[in-house]
Amino acid sequence: MAGPTTTVSALRWRDGLELLDQRELPHRERWMSIAGAAAGARAIRVLAVRGAPAIGIAAAYALAAEARRNPDISHIRRAARRLAAARPTGADLARAVAHVLVAIEKALPAECFEQALAAAKALHAADAAACRAMAANGAALFPGERVILLTHCNAGALATGGIGSALGVVRMVHAQGRLERLYACEARPVLQGARLTAWEATRDGIPVTLLPDSAAASLIASGAVAGVVLGADRVAADGSIANKIGTYALALAAARHGVPFVVVAPTTTFDLTCRSGADIPIEQRDGEEVRRVRRTAIAPAAVAVYNPAFDVTPPELVTAIVSERGVARPVTASTVREIA
Ligand code: MRU
């Protein structure tokens, strides 16, 4: 059996950081060059790169690029703070920036760019390896010959440094010849499911059906799906998970109908300093994302908007959490600690 692969990547280093501009997908594949930390932080804020692990890796490379432009350590520390603050919910970002900063602090001034770049490349390679391990660990949770899965947002190659977290599991089930179909929620307001997951799956030959978020509960109730599989932006010590807004509603529906609800996240997404979901900062985004679908206005210009980017699902609604280190099932503080 050939292992799971992908033709998609979110970012690359070619004597400088390049990001596949995800705002333009699925219409256009445009790679953008990121000169340093300010451009990196902006690309993260505007979602040119998104998905917790990919954001961390992009920031790591952006800090390395900044170290090449100006290796002055107080300047680098300021740049690192700016990058780490670009988005608040994903745990990978601050961790990746801190990792590269440590490499810079330890290096001789003449070597700080090389050391920073080596640290960023190591993070990238480690995430790709974590994706492969999670794919193997997670696929075993969905036995059977004709497996139908449901996912939300994009936890794929576009969101990681490898084949994806949740979509890595989907790719593995597909590579095993067992995937009948992937259902992908569109993920309003920014449509990461419609624009990114549907594109990524189609491009890699994964059978995919797109559905509006509001159709997911009735699909789950129909008994059609063997499991819900998605990523996370932060995993707290008690097994609460933050993920794209709408995840909590899917978890409620899955629990009501006895459908496994599986979260796939590398250890870089775990933050055991958050005791519970209440400690996870939830990003609130601009109301324009809701008042418009892309550039088209769909609501009165002045209407008030509630637009949290993420929600928190408590551990009792999560059947299993998968990391590269193993599977937490049932999800408790002690099983989470074992795979963190
Ligand atoms: O706002 P986004 O697109 O960065 O949100 C991404 C998600 O919620 C993903 O599910 C999560 O980061 C996991 S990606 C492997």
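Evaluating 6.51 cos²θ - 1.76 cosθ + 1.60 at θ = phi - 60° for every residue in segment 298-314, the Karplus couplings come out as 10, 8, x, 4, 9, 5, 5, 9, 10, 9, x, 6, 9, 9, 10, 10, x Hz, glycine and proline recorded as x. Dimensions of segment 276-323 along the principal axes, based on C-alpha atoms and rounded to the nearest Å, stand at 41, 20, 16, largest first. Springs join every pair of Cα atoms under 10 Å in this Gaussian network model of the chain, and among ASN137, ASN307, ASN154 the largest mean-square fluctuation is at ASN307.
For the chain, the equivalent ellipsoid derived from the alpha-carbon gyration tensor has semi-axes of 31, 22, 20 Å in decreasing order. Here the 3J(HN,Hα) profile of segment 153-163, calculated from phi with Karplus coefficients 6.51, -1.76 and 1.60 at θ = phi - 60°, is 6, 9, 10, x, 4, 6, 10, 9, x, x, 7 Hz, Gly and Pro shown as x.
Computed across segment 11-130, the Kirkwood radius stands at 13.8 Å (inverse of mean 1/r, all Cα pairs).
Segment 188-218 and segment 250-285 have Cα centres separated by 20 Å. When each of the peptides 166-178, 294-306 is scored by the mean number of other C-beta atoms lying within 10 Å of its residues, the order from highest to lowest reads 166-178, 294-306. Sparse packing (at most 16 other Cβ atoms within 10 Å of the Cβ) combined with a DSSP loop state is found for the following trypsin sites (Lys or Arg not before Pro) in segment 86-148: ARG146.
Ratio of Rg to Rh for segment 178-274: 0.97 [Cα atoms; Kirkwood radius as inverse mean 1/r over pairs]. Summarising the amide proton neighbourhood of GLY246: residues at separation of 5 or more, or on other chains, whose placed amide H is nearer than 5 Å comprise ASP311. Among GLU111, GLU324, GLU186, which one shows the highest mean-square fluctuation when the chain is modelled as a Gaussian network with alpha-carbon springs under 10 Å? Checking each option, the largest mean-square fluctuation is seen for GLU111.
Relative to the Cα centre, what is the charge dipole magnitude of segment 231-340, using +1 at the beta carbon of each Lys and Arg, -1 at the beta carbon of each Asp and Glu, and rounding to the nearest 20 debye?
320
If you average the C-alpha positions of segment 300-334 and of segment 12-53 separately, how far apart do those two centres end up, in angstrom? About 25 Å separates the Cα centre of segment 300-334 from the one of segment 12-53. The helix-based estimate of mean residue ellipticity at 222 nm for the chain, built from -39,500 (n - 2.57) per DSSP H run of four or more residues and divided by its residue count, is -11500 deg cm²/dmol to the nearest 500. Just ALA253, ALA140, ALA38 to compare: in a GNM of the chain, with alpha carbon springs under 10 Å, which one fluctuates most? Looking only at ALA253, ALA140, ALA38, the biggest GNM fluctuation is shown by ALA140.
Of the residues LEU182, LEU210, ranked by 1.4 Å probe accessible area with the largest first, the sequence reads LEU210, LEU182. Shape annotation for segment 136-339: C-alpha extents along the principal axes are 48, 40, 34 Å, from largest to smallest. Rounded to the nearest 5, what % of the DSSP beta bridges within the chain are antiparallel ones? Of the beta bridges lying entirely in the chain, close to 50 percent run antiparallel.
The values are calculated or read from the model by the stated rules, or taken from the named source; none is laboratory data. Because the structure is predicted, anything quoted here is derived from the model rather than measured. Here Cβ is always computed from backbone atoms with ideal geometry, including for glycine, and neighbour counts include all displayed protein chains. All accessible areas refer to the heavy atoms of the entire protein, side chains included, with ligands and DNA or RNA removed. Shrake-Rupley method; radii C 1.70, N 1.55, O 1.52, S 1.80 Å.
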